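Undergrad: Starting off with a structure, shown below.
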Amino acid sequence: MNRILYGFPYSSCTNRVKLLMSLMKLEYQDQVVNLAAGEHRKEEFLKLNPVGQVPVLVEDTRVIFDSHAILLFLAETYGQGRWWQQDPYERALVTQWLFFDANEIHNGIGMARNFVTFGIPGDAAAAVARGKAALATLENRLKDHEWLELGKMTLADVACCTLVSVCKEAKLDLDGYPGVRRWLARIEGLPGYLSVPAVRRSKESP
Ligand SMILES: N[C@@H](CCC(=O)N[C@@H](CS)C(=O)NCC(=O)O)C(=O)O
């Protein structure tokens with residue numbers, strides 16, 4: 001089977017999927033879509049993802065866009081017994097954090113990083129404030145939990161850790177969030193952990 005991940009090196013959404021594939025030891029071909037050159041808006045790429053965003057996972061004739069949809073697909077298809085919860089309630093507990101990542105973390109830390117590090121125009125102060133609110137929510141959970149749900153690392157942690165790990169690039173630091181810091185260090189110490197490459201140049205699209 002031919003598995004290709006279309007993504008961009010600095011994209012948090014791409015790196016979220018790469019992290020899970022690394023932890024699951026899934027092999028794939030890395031196909032860079034140069035966001036800085038606008039390749040994601042070209043006709044050819046829009047056939048894979050009409051939204052015009054990375055990542056996109058292609059497995060032979062199967063095409064999936066959105067990092068969270070891809071995480072769920074990989075966990076259910078290849079992660080039975082480890083990454084996929086059979087019980088609907090347990091699965092919902094995990095999935096709620098994927099939505100938290102897609103909404104609160106993405107619109108907070110993710111957008112702040114876009115404005116601060118990539119020079120995309122927008123209200124950086126408002127995004128930083130949303131980022132702080134998302135970190136406070138995580139801290140509230142992680143101050144007395146090792147993992148977000150189910151007492152072990154799940155897709156919830158995979159989804160939420162990526163942008164938290166680069167929050168410095170969003171002018172946010174983890175000083176006031178000791179539970180989040182311990183959680184991140186726990187994840188970063190795992191065999192197979194993959195960090196998001198540090199952005200070298202500003203004005204480069206995420
Ligand atoms: N909800 C989507 C968001 C994808 C997304 O925002 N991708 C960014 C890179 S992290 C992108 O392609 N940005 C280019 C653009 O929107 O023009 C996901 O989780 O995959």
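Bear in mind these aren't lab numbers, they're just calculated from the coordinates by the rules spelled out. Everything numeric in this text was worked out from a predicted model, so none of it was measured. Here Cβ is always computed from backbone atoms with ideal geometry, including for glycine, and neighbour counts include all displayed protein chains.
Undergrad: Counting just the residues of region 72-116 that are part of a helix (DSSP H, G or I) and acidic (D, E), which one comes out farthest from the chain's Cα centre (by Cα)?
TA: Filtering first and then ranking leaves E90.
Undergrad: Tell me which of these K25 doesn't satisfy, since it passes every other one: (1) under 18 Å from the mean Cα position of the chain (by Cα); (2) more than 25 Å from I105 (Cβ to Cβ); (3) in a helix (DSSP H, G or I).
TA: Here K25 clears every test but (3).
One line per residue, one yes/no per condition, for (1) touching a helix residue (DSSP H, G or I) at 6+ places or on another chain (Cβ under 6 Å); (2) in contact (Cβ under 8 Å) with a residue 12 or more places away in the chain:
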site	(1), (2)
L71	yes, yes
E76	no, no
Q80	no, no
W83	yes, yes
V94	yes, yes
F100	no, yes
E104	yes, yes
N114	no, yes
G131	yes, yes
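Undergrad: Here's something else I'd like to know. When residues of region 20-48 are filtered for being over 26 Å from T154 (Cβ atoms) and either of a type in the set (S, T, Y) or within 16 Å of the ligand (Cβ to nearest atom) (or both), how many remain?
TA: Within region 20-48, residues that are over 26 Å from T154 (Cβ atoms) and either of a type in the set (S, T, Y) or within 16 Å of the ligand (Cβ to nearest atom) (or both) number 18.
Undergrad: Go through region 140-162 and count every residue that is farther than 15 Å from I187 by Cα and assigned to a helix (DSSP H, G or I).
TA: Number satisfying all stated conditions: 2.
Undergrad: Only one of these conditions is not met by K168: (1) in a helix (DSSP H, G or I); (2) within 19 Å of A102 (Cβ to Cβ). Which number is it?
TA: Single failed check for K168: (2).
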